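Worksheet: the structure to be examined is printed underneath.
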Amino acid sequence: MDNGIRKLIYIVPKRFDGKYLKDFLASQGFSQELIKHIKKTLGLDMFHILSSGEEIKIDIIEDESSNIEPNPNLKYEILYEDEDMIIVNKPSDMPIHPSQGNHLNTLGNAISAHFSGQNFVYRPITRLDRDTSGVCLIAKNKFSASIFSEHIAKNLIKRSYIGLVKGNIYNALYINPNLKSIKHLNDFTDLELIIDSPIKRVNDSTIERCVAPDGELAITKVFALKYYEKHDISLCKFILLTGRTHQIRVHMKHIGYPIIGDFLYNPDYSLIKRQALHSSELLMNHPITHEMMRFDAKVPDDINEIIL
């Protein structure tokens, strides 16, 4: 992206010969809002009739910037960056967005510093809780943000987490027969569970969530990886099939195996000083090339010190 402008070039395929420009752009994933933005900034005739083989040049102009103060002193890892997105490994104790009491210590402040001097709007696509570490996806322009939002809505962006829970997760089916098991192999050496329990906000709380019949659909896959008898904890892998606030944390508390170090749902800090949850993997299609891409974030030291 050159000084806040994302340049795209398309060659009109035969099937759009004689069609309107607006219809072709819509087929490429441009939202109606973005088509209006392009018409306004570039003055293009959206009812222009296309010819097969015609070249179309689109400049997506970033004409505003987020009002987030940059902080170049924050430490985080860039896993990947191109003209359309930036993928980072967010440390724990770093909020995604600035808020009351968090004005200079957020990922938004760090990313703003990375793009200092440019027109840049901070558009985080995958959000993590403050104390959850790991992979975060951030869109770098209006177009990629629009595509990613659609992919999120259609559950096309896959996220995996690893975490440590209290207790022996291999006993989960004995304790809670209402859990759905889709794999149960080799006498509990491999165990895969599905938690399908709606989640809503706790009454009179701005942040705490709970399982409730009138909540929103929430589905989590849980894979048991290893039990550590010394600490009475289990290492699990989690895959989100929906994206509710605190979903993994609420679901694991609900079935009796809460995430250790979780200040809201299991405030036991004997092994770790924050919730032992890490976004380890992101699987997605590139918004422009449609290439399948995978990003991995290494497990942080505070979790490794417990399991290694």
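Side notes on the structure shown:
- Among the conditions (1) without any contact (Cβ under 8 Å) to a residue 12 or more places away in the chain; (2) basic (K, R); (3) surrounded by 12 or more Cβ atoms within 10 Å (Cβ to Cβ), K40 misses just one, which is (3).
- Residue within segment 134-151 that is of a type in the set (S, T, N, Q), surrounded by fewer than 21 Cβ atoms within 10 Å (Cβ to Cβ) and modelled with pLDDT under 90 present: no
- Segment 50-93: number of residues that are touching a Lys or Arg at 6+ places or on another chain (Cβ under 7 Å) and more than 22 Å from N119 (Cα to Cα): 5
- Options H278, H246: the member that is on the phi > 0 side of the Ramachandran plot, at pLDDT 95 or above and surrounded by 15 or more Cβ atoms within 10 Å (Cβ to Cβ): H246
- Among residues that are among the aromatic types (F, W, Y), farther than 22 Å from P95 by Cα and assigned to a loop (DSSP other than H, G, I, E, B), Y257 is included.
- Filtering L185, L191 for residues that are at pLDDT below 90 and touching a strand residue (DSSP E or B) at 6+ places or on another chain (Cβ under 6 Å) leaves a single hit, L191.
- F30 being in a loop (DSSP other than H, G, I, E, B), surrounded by fewer than 16 Cβ atoms within 10 Å (Cβ to Cβ) and outside the structural domain of G134 (by TED's automatic domain parsing): no
- First in segment 250-262 and over 15 Å from I272 (Cβ atoms), second anywhere and among the hydrophobic types (A, V, I, L, M, F, W, C) and assigned to a loop (DSSP other than H, G, I, E, B), Cβ under 8 Å, 6 or more apart: V250/A218; H251/A218; I255/L179
- Boolean, F24 is surrounded by 17 or more Cβ atoms within 10 Å (Cβ to Cβ) and either in contact (Cβ under 8 Å) with a residue 40 or more places away in the chain or more than 28 Å from the chain's Cα centre (by Cα) (or both): yes
- Qualifying residue in segment 2-20 (condition: at pLDDT below 90 and at negative phi): yes
- Residues in segment 124-139 that are part of a strand (DSSP E or B) and more than 17 Å from L79 (Cβ to Cβ): 0 in all.
- Matching option when the condition is more than 22 Å from I68 (Cα to Cα) and among the polar types (S, T, N, Q), among N119, N155, N141: N155
- Taking (1) buried (at least 17 other Cβ atoms within 10 Å of the Cβ); (2) outside the structural domain of N168 (by TED's automatic domain parsing); (3) at pLDDT 95 or above in turn, I288 satisfies each apart from (3).
The values are calculated or read from the model by the stated rules, or taken from the named source; none is laboratory data. Keep in mind it's a predicted model, so treat the numbers as computed, not measured. Backbone-built Cβ (ideal geometry, glycine too); neighbour counts: all protein chains shown.
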